[in-house]
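Every number in this text was worked out from the coordinates using simple rules, so none of it is lab data. No experiment lies behind these values; they were computed from the predicted model shown. Cβ coordinates were reconstructed from backbone atoms using ideal geometry, including for glycine residues, and neighbour counts include every protein chain displayed.
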Amino acid sequence: MLKLGTSGFSYPDWKGSIYPQKLQPKNALKYYEQELGFDCVEINSTYYNLVPPNVFKNMAEKTEKDFEFVVKAYRGITHNLFDDRLKNKKPTKEQAINDCDKFIRSLNPLREANKLGCVLLQFPVFFPATNQSKDYILECKEHFYDIPLAIEFRNKEWVAPETFEFLRKNNLGYCAVDEPKLERLMPTMYDVTSDIAYLRFHGRNTNWFNAPTKERYDYLYSDTELKEFVPHIKEMDKKAKKTYLFFNNCTNGQSVKNAITMKKYLGVKTERHTLF
């Protein structure tokens with residue numbers, strides 16, 4: 001089963017190009033589902049802050065019963081513990097696990113509504129491919145219990161057979177990525193290591209490490225580039241019970257445009273999509 005959407009649904013620069021200029025923020029998610037025709041969304045704002053459960057309760061209530069949310073884990077779980085730039089502000093592992101538990105509790109409304117597809121644990125380029133790192137992933141998994149997890153690596157040190165063996169053995173999904181072909185970043189690999197297949201489109205802006213976030217994801221895939229993914233996605237979908245595709249090149253609504261085009265190339269039914 002293919003489910004396709006964008007990484008986030010509420011951006012100021014979508015006003016007037018993706019959303020009507022006068023659309024109120026409280027109605028953005030409903031418009032995203034009903035007018036743009038998407039059946040899932042990846043929530044990225046949770047990376048920056050732990051959110052209260054009522055935020056997800058509100059989201060669940062605004063969407064139809066078959067709509068799903070994939071939620072990116074808080075950076076206190078995946079990043080801060082390994083970031084030497086934080087120096088004295090760097091948390092302990094106990095603090096990171098405590099954040100993990102808080103984050104999991106915040107997801108309860110989505111779980112109760114049967115709308116939580118999985119959680120994305122995206123680890124940074126400074127997360128090393130070591131046994132200690134694997135142990136940390138497993139420790140997190142214990143706390144998530146029955147919540148499906150997808151793991152995204154940014155450091156290409158993880159490109160090794162033992163990485164995928166580790167993920168399969170522990171029923172952890174692999175999040176494949178398309179991102180700039182830079183020395184430290186992961187190449188695009190279409191491995192499926194659990195019932196969930198997952199592919200994120202970050203764009204191919206080569207000014208990745210030096211650009212602010214908005215510019216980093218400023219990229220519009222060409223039709224030719226999108227078509228090249230189609231056979232790989234179909235093969236991934238054969239190996240999984242569910243396949244999530246999310247476009248993270250959200251600057252100026254480029255993710256929406258590419259997602260709509262990709263749905264067409266994959267033969268996914270579209271009932272609306274009259275904007276472009």
Potential extension, residue 66-residue 126 segment - 0.36 nm per residue separation minus Cα distance: 17.9 nm
Between residue 206 and residue 135, what is the spin-label point distance in nm, taking each point 7 Å from the Cα along the Cα→C-beta axis? 4.1 nm
Label residue 215 and residue 159 with points 7 Å out from Cα along Cα→Cβ: what is the distance between them in nm? 2.7 nm
For a paramagnetic label modelled at 7 Å from the Cα of residue 86 toward its Cβ, which residues of region 52-79 fall within the zone defined by backbone nitrogen distances under 13 Å? 74-79
Dipole of region 2-266, positive end: most advanced residue of 109, 190, 236 [Cβ charges, Cα centre]: 109
Estimate the FRET efficiency between residue 1 and residue 30 by the formula 1/(1 + (r/R0)^6), using the beta-carbon distance for r and 25 Å for R0, to the nearest 0.05. 0.65
Would you work out the charge dipole size for region 2-266 about its Cα centre, treating the Cβ of every Lys and Arg as +1 and the Cβ of every Asp and Glu as -1, and quote it to the nearest 20 debye? 460 debye
Proximal charge balance of residue 204 [Cβ under 9 Å; K/R count +1, D/E count -1]: -2
A chain fully extended from residue 94 to residue 10 at 0.36 nm per residue, minus the present Cα-Cα distance, gains in nm 26.9 nm
Whole-Å distance, taken between Cα centres, linking region 73-98 and region 166-192: 23 Å
Considering region 2-266, what Rg and Dmax in Å follow from its alpha-carbon atoms? 17.7, 52
On a full-extension model of 0.36 nm per residue, what is the gain between residue 23 and residue 146, subtracting their alpha-carbon distance, rounded to one decimal in nm? 40.5 nm
Over the chain, the sum of -39500 (n - 2.57) across DSSP H runs of at least four, divided by residue number and rounded to 500 deg cm²/dmol, gives at 222 nm -10000 deg cm²/dmol
In nm, spacing of pseudo-spin labels at residue 101 and residue 228 (7 Å Cα→C-beta vector): 4.7 nm
